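Trainee: Pasting a structure below so you can have a look.
Values in this text are rule-based calculations from the coordinates and carry no lab data. Bear in mind the structure is a predicted one, so any value in this text is a computation, not a measurement. Methodologically, a virtual Cβ is constructed for each residue, glycine included, from the backbone with ideal geometry; neighbour enumeration extends over all protein chains shown.
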Amino acid sequence: MKSDSLGQLILTGVPGLELDSETAALFRRVQPGGFILFGRNIQSARQLRKLIDDLRDLSEIEPIITIDQEGGRVSRLRLIGNEPPNAQQLRDRDDVALVRQHGEITGRLLRLFGFNLDLCPVLDISFDDEADNSLRGRCYGKTVEQVNRLAGAFNEALRGQGILSCGKHFPGYSAATIDAHHDLPKIERTRAQLDEQELAVFRHFVPSVDSMMICHGWYPCFDPARRPASLSRRIVTELLRDEFQFEGLIMTDDLDMGAILNEYGLEETIRLAIEAGNDWVMICHRVASIDEVYRTLGKLPSGQIEKALASVARSKTKLQPPHEFSESAFKTIDATIWNLRVAVLGEEEAARRSPEDGKRSPVETY
């Protein structure tokens, strides 16, 4: 195992709108396998493309560059353009053609900026559209069939534009009654209940998503002792990798969320995440800590590390280069987003500003 390849197992956030010299030096030294961008990284179309070009330039191995661009409030790029409809709005229309159009436009938009992975579609079934668990507005269906049909249309169209996809939040987060950004939810579903609903969706998508994100819920039916799915070998390796035969990239949800920070120190978190079978550890906000993450990875058994490195490398063989950037190309795509918004919501509703417009949540990961 080459020690200089360990950074490939890290998906890291980026502190600001541009790379300062200290952050650039850190990234050159650690060589993260991927970068995730948030609202704090987005000011204008041209600035965003330059930031992504700079991240690619300092990477010795082509990086995965990702974002949460789902639609609705979880659309980072609405800070510089129109807000696409969310999954629930599309679900209410129940028009597969509109969902497919949303996926195609999203893929074109991301390729223009240089992204190559979108952290969606959300594959959770909505049991309660008003539940306070961070999923409000983000679910494509209330049944297995509806999620499979609508999220499937988005996923196929997104990938058709050369953007990798990510199914989330495995093994099914919708029964959570609290938000994992703040604390660890206990999800008291039986294995039979999960098999009939949540896991039926994820099993359906195993052949067609490029990656899976593991949530921070605790499932006593798998782990009687208190442990989040993201750090559970029973869920990540035995269920997703072995039983479901998923061959794509497996990543944790953000390890800077309260569900993790309240329970574990950083070194223990990284050790448990890789031991569980994750290929990528996601550090969105404690960017300066990726040096410590790198050192921790160097202490772990080589067999675990080699498996994860091989999975990351396989995923990177699918990466497509960015499209040529221009302001006019961005404006053209942005206009199609507005047209889609009108088609889904109607002109009057589309023109209303979202309650979240102009606000950036202090917690930016979903």
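Trainee: What does a probe at residue 58 reach in region 286-327, counting residues whose amide N is under 12 Å from the point 7 Å along Cα→Cβ?
Mentor: 288
Trainee: Let me ask you something else. Go through region 49-62 residue by residue and turn each phi into a ³J(HN,Hα) via Karplus (6.51, -1.76, 1.60, θ = phi - 60°); whole Hz please, and just put x for glycine and proline.
Mentor: Those phi angles translate into 4, 5, 4, 5, 4, 5, 5, 5, 5, 8, 8, 6, 10, 3 Hz.
Trainee: Using Cα pairs closer than 8 Å and at least 6 residues apart in sequence, work out the relative contact order for the chain, in percent.
Mentor: Numbers: 732 pairs, mean separation 74.4, N = 366.
20 percent.
Trainee: Restricting to lysine pairs 8 or more places apart or on different chains, what number in the chain have Cα atoms under 21 Å apart?
Mentor: Summing the qualifying lysine pairs gives 11.
Trainee: Answer rounded, prolate or oblate for the chain, using the Cα gyration tensor with square roots of eigenvalues a ≥ b ≥ c: rounded when a/c is under 1.5, else prolate when a/b is larger than b/c, else oblate.
Mentor: Working: a/c = 1.62, a/b = 1.10, b/c = 1.46.
Here the chain falls in the oblate category.
Trainee: Taking only DSSP H segments of four or more residues, each worth -39500 (n - 2.57), what value at 222 nm results for the chain once the sum is divided by all its residues, to the nearest 500 deg cm²/dmol?
Mentor: Numbers: 13 runs with 141 residues, N = 366.
Helix contribution divided over all residues of the chain: -11500 deg cm²/dmol.
Trainee: Determine, from the Cβ-Cβ distance of residue 182 and residue 93 and an R0 of 51 Å, the FRET efficiency 1/(1 + (r/R0)^6), rounded to the nearest 0.05. Mind showing how you got there, number by number?
Mentor: Working: r = 32 Å, r/R0 = 0.64.
It comes to 0.95.
Trainee: A further question follows. Less than 13 Å Cβ to Cβ from residue 240, Lys/Arg counted +1 and Asp/Glu -1: what total charge do the surrounding residues give?
Mentor: Numbers: positive: 168, 203, 233, 234, 241; negative: 198, 238, 242, 243, 247, 279.
Combined, the nearby Lys, Arg, Asp and Glu give -1.
Trainee: Also: On a full-extension model of 0.36 nm per residue, what is the gain between residue 206 and residue 46, subtracting their alpha-carbon distance, rounded to one decimal in nm? Before the final figure, lay out each step's value.
Mentor: Details: separation 160, 0.36 × 160 = 57.60 nm, distance 3.59 nm.
The span from residue 206 to residue 46 would gain 54.0 nm if fully extended.
Trainee: Testing the spin-label approximation: label points 7 Å from Cα along Cα→Cβ at residue 314 and residue 136. State their distance in nm.
Mentor: 3.9
Trainee: Please state the relative contact order of region 173-292 as a whole percent: Cα pairs under 8 Å, 6+ residues apart? Could the numbers behind the result be given before it?
Mentor: Values: 185 pairs, mean separation 32.2, N = 120.
Reported as a whole number, the value is 27 percent.
Trainee: I'd like the antiparallel share, as a percent to the nearest 5, of DSSP beta bridges with both residues in the chain.
Mentor: On the way: 3 of 26 bridges.
Around 10 percent of the beta bridges assigned by DSSP in the chain are antiparallel ones.
Trainee: Can you list which of the GluC sites (Glu not before Pro) found in region 284-359 are DSSP loop residues with at most 16 other C-beta atoms within 10 Å? Spell out each step's value before the answer.
Mentor: Details: sites: 292, 306, 324, 327, 347, 348, 349, 356; in loops: 324, 356.
Sites meeting the loop and neighbour criteria: 324, 356.
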